[in-house]
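Report on the structure given below.
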Amino acid sequence: MEAAWAGCWGVEMKCRSLGKAMPDVSVEAATADGEGGDGAAAVAGDVGCGATAEVRAEVGRDAPSDAALDAALAVLGEKLLDRSWRLSNLYYVTDKSGERVRFVPNWAQLRLFDSLAHRNVDLKVRQLGVTTGYCILWLDAVLFNRNLRVGIVAHTKDDAMIIFRDKIQFAYDNLPEEIRAAVFARKRDAHEILLNNGSSIRVGVTFRSGTVQVLHVTEYGYICQRQLQRADEIKTGAFQAVPADGIIVVESTAKGRAGHFYELCQGAQKGNDWRFRFLPWYLEPSYALSPERAIEYKHETEYLDKLEGVIGQELTAEQRQWWCGKHRELGSDMFAEYGWFDSLFHSPLVAAFILVFESGINWAAAAAV
């Protein structure tokens, strides 16, 4: 399995002028089983990265000036060359209360960032910030790479607009003005931002024309379950628009044991070219409640006890209380939204009784990727 990333991933720029040193799309080979790689890029790729001659000419006319880029470095310092620092200090998002807060990657986002491969399928539970994290990652990539095309596919038109407005556009508009002066938007509408370095991010419901180096599909399980024609368009169109050395990320909660998302998860676990990552609920620190007056009904205790055996660790009293409270709130839908591998893919009724849907797979090891 190969780890993949654009050139700014772990690679310091070669000179003070960002204009002269913006890295290009790169890849790095990791070990065959995906272990030991940190997702860092090492081998420089094509400078053009699929850009047309027209785009190149436009970029040359409005490209970032050395003076503007050096001004940004003068204010922000050499730390601007460090991707990890940028991802923890440079970007702002809105939290669940609508407040403007500085983005700092959480455990789930870091796990996905650090194990990124050319082809990735992510099975997640709710409210881990996965889509937000990726949007910040892609924004950082286009800001610090020339001629990089990123496409994000949302499951509805409304969601596409919200993702662009609330995650990408908001983060860009709240960058330090030195950065926005150096790498500014030449074109921007409700779905796309095209920067003066030739890179762009576009959010839509599908991508059938043109080449993108990074494709990110959100809630693909939902699309495969309810929008079969669109799922087929994504599979036969958008996926095919990404070169072999590009990056595809498919992330979703599970929506049944059928469809292309389910097939991708199954195939990745069995060793195809996709990397499978699972983000379980019990690793999220906020999914815990005070165990005071804790009550567990018999069927809840039986489920959680069996789950502990499957994952090979003991749940805290706070975690068990959180799960029980959420289960009583959601009912049988709990198993699809915050379950384990098996229950995520089963129908709610079946999920209540089944813990493992495939024998011979080390689920705890998969969650540790």
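Computed quantities for the displayed model
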quantity	calculated
Residue check for R186: assigned to a strand (DSSP E or B), modelled with pLDDT of 90 or more, charged (D, E, K, R) and over 21 Å from the mean Cα position of the chain (by Cα)	yes
Unmet requirement for F113, which otherwise passes all of (1) buried (at least 24 other Cβ atoms within 10 Å of the Cβ); (2) among the hydrophobic types (A, V, I, L, M, F, W, C); (3) within 15 Å of S84 (Cβ to Cβ)	(1)
Residue in the range 302-312 that is of a type outside the set (A, V, I, L, M, F, W, C), assigned by TED's automatic domain parsing to the domain that holds D122 and part of a loop (DSSP other than H, G, I, E, B) present	no
Residues that are crowded, with 20+ Cβ neighbours inside 10 Å and either assigned to a loop (DSSP other than H, G, I, E, B) or in contact with a Cys (Cβ under 6 Å, 6 or more places away or on another chain) (or both), drawn from the range 277-296	P280, E284
Condition met for R146 (crowded, with 16+ Cβ neighbours inside 10 Å, assigned by TED's automatic domain parsing to the domain that holds I234, among the charged types (D, E, K, R) and outside any helix (DSSP H, G or I))	yes
Selection count where residues are in contact with a strand residue (DSSP E or B) (Cβ under 9 Å, 6 or more places away or on another chain), assigned to a loop (DSSP other than H, G, I, E, B) and either charged (D, E, K, R) or more than 12 Å from A238 (Cα to Cα) (or both), scope the range 199-214	1
Meets criteria (within 19 Å of the chain's Cα centre (by Cα), within 23 Å of L112 (Cα to Cα), surrounded by fewer than 20 Cβ atoms within 10 Å (Cβ to Cβ) and free of Cβ contacts under 8 Å to residues at least 40 places away in the same chain) for K235	yes
Any hit, the range 264-274, residues being in a strand (DSSP E or B), assigned by TED's automatic domain parsing to the domain that holds D122 and modelled with pLDDT of 85 or more	no
Residues that are outside any loop (DSSP other than H, G, I, E, B) and buried (at least 19 other Cβ atoms within 10 Å of the Cβ), drawn from the range 238-259	A238, A241, I247, I248, V249, V250, E251, S252
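So that you can scan it fast, the table gives a plain yes or no per residue for (1) under 14 Å from L90 (Cβ atoms); (2) in contact with a Leu (Cβ under 8 Å, 6 or more places away or on another chain):
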residue: N120; (1), (2): no, yes
residue: V130; (1), (2): no, yes
residue: I136; (1), (2): yes, yes
residue: V153; (1), (2): no, yes
residue: I162; (1), (2): no, no
residue: D166; (1), (2): no, no
residue: Y172; (1), (2): yes, yes
residue: E178; (1), (2): yes, yes
residue: H191; (1), (2): no, no
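For (1) surrounded by 22 or more Cβ atoms within 10 Å (Cβ to Cβ); (2) in contact with a His (Cβ under 9 Å, 6 or more places away or on another chain); (3) assigned by TED's automatic domain parsing to the domain that holds H118; (4) at negative phi, each residue gets a yes or a no:
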| residue | (1), (2), (3), (4) |
| --- | --- |
| R180 | no, no, yes, yes |
| A185 | no, no, yes, yes |
| R188 | no, no, yes, yes |
| V203 | yes, yes, yes, yes |
| V212 | yes, no, yes, yes |
| V217 | yes, yes, yes, yes |
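The values are calculated or read from the model by the stated rules, or taken from the named source; none is laboratory data. The model shown is predicted, which means the values in this text are computed figures rather than measured ones. Note: ideal-geometry Cβ built from the backbone for every residue, glycine included; neighbour counts use all protein chains shown.
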